[in-house]
Structures are given as C-alpha cells and as structure tokens.
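Throughout, read-outs are computed from the coordinates displayed, never taken from laboratory work. Predicted model, so just to flag it, every value in this text is computed and none were measured. With ideal geometry, Cβ positions are generated from the backbone for all residues, glycine too; neighbour counts draw on all protein chains shown.
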Amino acid sequence: MDFVFSKRAKMVSIILMAVGLIGSIVGSLMGGGHDHGHVHMADRVWSNLLINGFFFFGISLAGLFFLALQYAAEVAWSVMVKRVFEAIISYLPIGGTVIILVLAAGQFHMHHIYHWMDPNVYDVTSPDYDELIANKYAYLNPVFFWARTLIFIGVWYAFARWFRKKSLEQDLVGGTSIHYSSVKRAAIFLVVFGFTSSVMAWDWLMSIDTHWFSTMYGWFVFSGMWVGAMITGTLIVLYLKSKGLLPNFNQSHLHDMGKWVFAISMLWTYLWFCQFMLIWYANIPEEVTYYVERIKHYPLLFFGITFINFFFPFFILMSRDAKRNIIFLLPVALIIFIGHWLDVYLLVTPGVMHDAGAHIGLLEISMFLGFLGLFVFTVFTQLAKAPLEVKNHPFLEESVHHHI
Amino acid sequence: MANNVIYASYDSEHTLMAGAKALVSKGIHVDDVFSPFPIHGLDPVIGVSRTRLAICAFIYAMTGVALAVTGMWFFMIYDWPMNIGGKPSMSLIQNFPAFVPVTFEFAVLCAAHGMAITYFLRNWTLPGVKAKNPYPRTTDDRFVMEINPSHNHVSADEIKSAIADTKPVEVEERHK
C-alpha cells in the first residue's frame with residue numbers, strides 16, 4: 001500500500017503554485033494604493049516572502065524535532081506516522097533557501113525588514129546613527145549573523161538527511177542497531193535544536209524589532225512551529241486515510257495526533273500569555289512598545305489569533321471523542337493552520353509596516369497559496385518515494401496494536 | 001441460594017480475559033473483577049461503561065473559574081478597589097491579564113480536588129471504610145471474577161460449569 005502522488009493532487013498543487021506566482025506578481029505591481037509615505041512596496045513583498053518562507057520552514061523544522069523526539073523517547077505508537085514526518089522534513093532545504101534569499105536581499109539593501117542591516121546605524125557621524133543597535137554590533141554583525149544562519153540550516157539539513165537515510169536503510173536491513181544509533185543521534189539533535197531554535201528565532205524574527213527583546217521569544221516561536229507541524233501531520237494522515245491508505249492507522253493513533261494538536265496549542269497559548277502578561281505588568285517603555293504597536297495598529301489580528309488558536313482547540317478538542325472524530329479534528333486543524341500563519345504574519349509585519357496596519361490582500365493570500373502548493377508538492381513527492389508503513393522497525397508490531 | 005455470589009480465581013490476566021470473553025459470549029453477566037493492576041481492554045468486555053469523571057472535572061474547573069473571577073472582582077474591584085503597579089483599577093476587563101494566573105490555578109485546584117473527592121465517594125473508599133476486597137490475594141498475584149447468579153438468567157450450576165471450561169484456579173460460592 002504505497003502512496004502514489006495522484007495526477008489530480010499534483011495538478012492541484014501545481015495550480016496553487018501558478019496562482020500564487022501570478023497573484024503575487026499582480027499583487028505586488030498593483031498593491032501600492034494604500035501605501036503610507038515611508039512604507040515601500042518592496043518591504044511588503046519581501047516581508048510576505050519571509051512570512052511564508054518561515055511558516056512552512058518552521059513546520060518542516062518542527063517536524064524534524066518531533067521525529068527526533070519520537071526516536072529519543074523511543075515512542076512506539078508514532079512509528080505508524082513516521083513516514084509522514086519524514087516527508088514533512090523534506091521541505092527543509094527549500095524553506096531554508098527561501099529564508100536565505102530574504103536575508104541576502106536584506107543584506108544587499110533590497111528591503112528594510114532588518115533595520116540593523118543598514119551600516120549607517122553603526123556610524124557615529126551618520127544622522128541615522130542608533131546607539132542601541134550599535135551596542136549590539138558584537139552579535140548583530142553580518143559575519144557572525146551569516147555564520148549562524150548558514151551553519152544552523154546546514155546542521156539541521158544534515159540531521160534530516162541522516163534520519164531519512166537510516167530509516168530507509170532499516171526497511172531493508174532490519175535489526176536494532178540502526179534504531180539505537182538513531183536514538184543516540186536524536187538525543188544529540190534535541191540538544192542542538194534546543195539551542196539553535198531559540199537563536200534562530202532571535203536572528204530571523206526578533207531582530208526585525210531590533211530595539212526590543214524578550215527571553216521567551218524563542219520558545220514562543222518554537223511552540224508555534226510545533227503546532228504547525230502537528231496540524232500538518234494530522235492533515236496529511238487524514239488525507240491518506242481518506243484514500244484508504246495506512247490500514248493499520250487506527251482510532252487510537254488519531255487520538256494521539258489530536259492530543260498533540262491540543263497539547264501544543266495549550267503550550268503556545270501559555271507562552272503567548274506569559275510573554276504578554278510579564279511585559280504588560282512590568283510596563284517598561286522599551287519592552288512594552290512591541291505590544292503597543294500591535295494593539296494600536298493590529299488589534300483585530302492580535303486578539304483574534306489568540307482567540308482562534310486557543311479557544312478552538314481548547315473547547316472543541318478537549319474531549320476524547322472529539323480527538324477521535326474527523327468531523328471535529330479536521331475543521332479545527334484547518335482553522336488553526338490559518339491561525340498560526342496569521343501568528344507568523346504578526347511576528348513579522350508590525351516591525352516592518354509599523355502604523356500602516358495589516359493588509360491581507362491579493363499579494364498575501366496568493367503568496368500563501370503558492371507556498372502551500374510548493375510545500376504539498378515537495379512533501380507528497382517525498383511521501384511517494386518510500387512505503388507508507390515502515391518495515392522492520394523494532395516497535396512496528398506494538399504500533400500496529402496501539403490501543404488506548 | 002438467592003444471595004450467593006460466585007468467585008472465580010485465575011492466575012493471570014490473560015486467562016481471566018479469555019474467561020470473561022467466553023462467559024460473556026454465553027450471555028453470562030460478570031459483575032466485577034478484582035485484580036492487582038488495571039487489565040487493558042477488560043472494561044468493554046464485561047460491559048463497564050466509560051467513566052464520566054472527565055465531565056465532572058470540566059464542571060469543577062468551570063466552577064473554579066466562576067468563583068475566582070467573581071471573588072477577584074469583589075475583593076479587588078468592587079469592595080475595595082486596589083491600585084497595583086499603576087494598573088487601571090475599577091475595571092475587571094482592563095486588569096484581566098493580572099487575574100488570569102489566579103483564575104487558572106483556581107480552576108486546576110477545584111478540578112483536582114473535585115475529581116479526587118468524586119472518585120473516593122463513587123468508589124466508597126473513604127478513610128475508615130472497610131475494604132470490600134473479597135480476596136486479599138488480588139492485591140498480589142490473583143485475578144478474581146465476581147458473578148452474581150441473581151443478576152443472570154442462567155442458573156448457578158450452569159454458570160459454574162461454564163466457568164470450569166475457562167481454566168480457573170479456584171471457584172467458590174459464598175454467601176454475600
């Protein structure tokens with residue numbers, strides 16, 4: 001029972017990509033109407049590229065984290081969905097390329113998403129001199145920044161390739177030695193990831209609001225990525241089930257997937273609220289500006305996404321029956337998938353567009369659809385390359401009989 | 001004879017499970033099972049319906065939320081308005097982020113205590129209550145099935161002969 005990337009699905013994802021490309025071009029050419037004087041259209045286009053680039057890259061990276069977590073904790077039930085997550089991580093190099101593209105464009109001053117990339121802010125004689133940013137030069141200088149970015153993406157990609165290679169090897173060879181070496185490698189990855197994921201969030205996202213900082217930011221971004229990965233995994237599994245594939249994936253597996261979506265949504269809300277409440281309570285000007293910007297100019301989105309990403313999963317997915325029922329699980333997963341895209345939108349946009357406010361128009365929607373198409377195309381292509389159910393995994397038998 | 005209860009002892013959860021399935025397929029109702037540990041998948045076999053403790057937990061937690069919000073509104077806003085850290089007093093909604101942690105903790109407190117108390121009451125395992133366990137060895141290595149003939153359409157002798165086919169270690173009829 002292998003997965004075949006059907007002609008229809010292939011067509012749909014290619015159409016999405018084409019629509020996304022055309023819509024993005026049309027949107028960026030005609031979208032200048034509501035520009036405020038100081039906001040350039042280029043910034044809006046590039047920040048959208050960053051939003052979509054990061055959103056799907058984050059899903060893929062958190063998928064890699066989840067895969068490593070399953071190895072390190074020697075989880076049995078998830079063996080049934082291992083191939084799905086191996087497919088999700090195949091998007092890593094593409095997503096990484098998009099992010100590198102956006103960062104490089106900033107470095108060559110094609111956009112001003114990253115205020116600190118402007119060399120004038122470090123120049124005491126320049127009128128643009130910014131002492132706060134100049135003091136961060138030891139960390140936010142091009143050489144160190146690019147070293148971090150490239151090394152992180154390279155290291156993650158190396159781990160992803162290794163896990164996939166070993167997983168396919170185990171299908172042929174069997175035994176337990178590959179499993180144990182994967183467990184070890186996964187434990188190393190978790191340590192590396194725990195550090196790099198936070199630094200990555202500071203570098204690529206928090207540095208947009210260069211003056212502002214929050215120690216909780218890295219975890220918050222990570223939890224958002226993680227929910228994204230769990231939703232994506234659930235949606236792919238539901239799609240496969242609807243095609244009659246994965247015969248051994250039962251209600252208990254679905255229950256576990258639902259539990260992850262539910263639990264990590266709570267983690268996301270917890271971190272969102274902790275970060276917000278501490279800054280709100282302390283009310284220190286240099287910290288609170290971040291939220292003032294968002295509440296003043298993006299109030300609907302700011303409170304809206306919190307509502308969507310917390311209340312929907314919380315009240316609808318709370319009961320055991322709802323987690324096992326596609327009627328509840330599918331709409332919630334789809335809604336919070338959009339909710340977490342909006343979350344990334346709100347991480348990036350206010351620091352770039354400032355008081356111009358949110359514009360979710362042709363450009364934003366078509367670029368999202370385009371990247372969605374690319375993501376689906378990449379993941380499904382990878383999914384079709386190997387049997388959907390792993391062979392010879394030491395926990396396979398346990399996973400087949402998973403019952404809770 | 002009307003008040004007699006039959007106890008069938010087994011030496012492993014697998015034989016008990018197989019025995020329970022065999023008896024139920026013959027239309028015999030198994031009243032209860034005593035075992036040293038929970039037997040996975042036994043509940044649906046002997047017709048024990050799913051616990052409603054989760055629903056209780058939700059109700060207790062919502063009670064906690066309501067109590068906490070009402071309480072904080074009364075103490076901090078209405079009865080004696082407090083100004084803490086320059087935050088807008090006299091308003092519950094504008095101060096709400098400060099009240100969320102307390103609301104959350106109180107919801108957890110009420111849900112946890114409510115569930116524990118409900119569980120003890122439902123099982124009647126309160127302090128000082130005499131243990132109902134008919135076989136002390138079921139806390140160690142025995143698995144015992146309790147069948148009450150008066151709850152069955154089948155006679156006690158037929159039940160006993162059905163049990164005999166399920167490899168029990170011991171079958172006993174006791175006056176309850």
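Can you sort A:Thr232, A:Thr381, A:Thr349, A:Thr125 from fewest to most other Cβ atoms within 10 Å of each residue's own Cβ?
A:Thr125, A:Thr381, A:Thr232, A:Thr349
Between the DSSP loop rule and a limit of at most 11 other Cβ atoms within 10 Å, which chymotrypsin sites (Phe, Trp or Tyr not before Pro) in region A:289-343 are left?
none
Step by step: find N for chain B, compute 2.2 N^0.38 Å, then divide the Cα radius of gyration by it. What's the final number? Don't skip to the end; give the middle numbers.
Numbers: Rg = 25.5 Å, N = 176, 2.2 N^0.38 = 15.7 Å.
That ratio works out to 1.63.
So how do B:Ile84, A:Ile94 line up by other beta-carbon neighbours within 10 Å, fewest first?
Lowest count first: B:Ile84, A:Ile94.
To the nearest 10 degrees, how steeply does helix A:299-311 sit against the main Cα axis of chain A, on a 0 to 90 scale?
The two axes meet at around 20 degrees.
Report the number of Lys pairs in chain B whose alpha-carbons are under 24 Å apart, with separation of 8 or more residues or on distinct chains.
Eligible lysine pairs with Cα atoms under 24 Å apart amount to 8.
I'd like the distance separating the alpha-carbon centroids of region A:1-28 and region B:68-137, in whole Å.
51 Å
Region B:76-176: which chymotrypsin sites (Phe, Trp or Tyr not before Pro) are DSSP loop and have at most 15 other beta-carbon atoms within 10 angstrom?
For chymotrypsin sites (Phe, Trp or Tyr not before Pro) across region B:76-176 that sit outside H, G, I, E and B with at most 15 neighbouring Cβ atoms in 10 Å, the list reads B:Trp124.
Setting aside same-chain residues fewer than 8 positions from A:Lys323, which aspartates and glutamates have a Cα under 12 Å from its Cα?
Hits, sequence-local ones excluded: A:Asp256.
Roughly how tilted is helix A:326-353, in degrees to the nearest 10 and between 0 and 90, from the longest Cα axis of chain A?
The angle comes out at about 20 degrees.
If one computes the Cα centroid of region B:144-176 and of region A:358-404, what distance in Å separates the two points?
Centre-to-centre (Cα) distance: 54 Å.
Going by C-beta contacts inside 10 Å, put A:Leu330, A:Leu50, A:Leu383, A:Leu369 in order with the fewest on the left.
Listing A:Leu330, A:Leu50, A:Leu383, A:Leu369 from fewest to most nearby Cβ atoms yields A:Leu330, A:Leu369, A:Leu383, A:Leu50.
Hand me the chymotrypsin sites (Phe, Trp or Tyr not before Pro) from region A:180-230 located in a DSSP loop with no more than 15 other Cβ atoms within 10 Å, in residue order please.
A:Phe213
List the DSSP H helices in chain B whose Cα atoms stretch 24 Å or more along the helix axis and whose mean Kyte-Doolittle hydropathy is at least -1.0. Mind dumping the intermediate values first?
Details: long enough: B:53-72 (28 Å, 1.98); B:96-123 (40 Å, 1.11).
Span-like helices, by this rule, are B:53-72, B:96-123.
Using only the Cα atoms of region A:1-113, build the gyration tensor, take square roots of its eigenvalues as a ≥ b ≥ c, and label the shape rounded, prolate or oblate: rounded if a/c is under 1.5, else prolate if a/b is larger than b/c, else oblate.
Cα axes put region A:1-113 in the oblate bin.
Cα axis of helix A:177-204 to longest principal axis of chain A: angle in degrees, 0 to 90, nearest 10?
The helix A:177-204 is inclined about 20 degrees to chain A.
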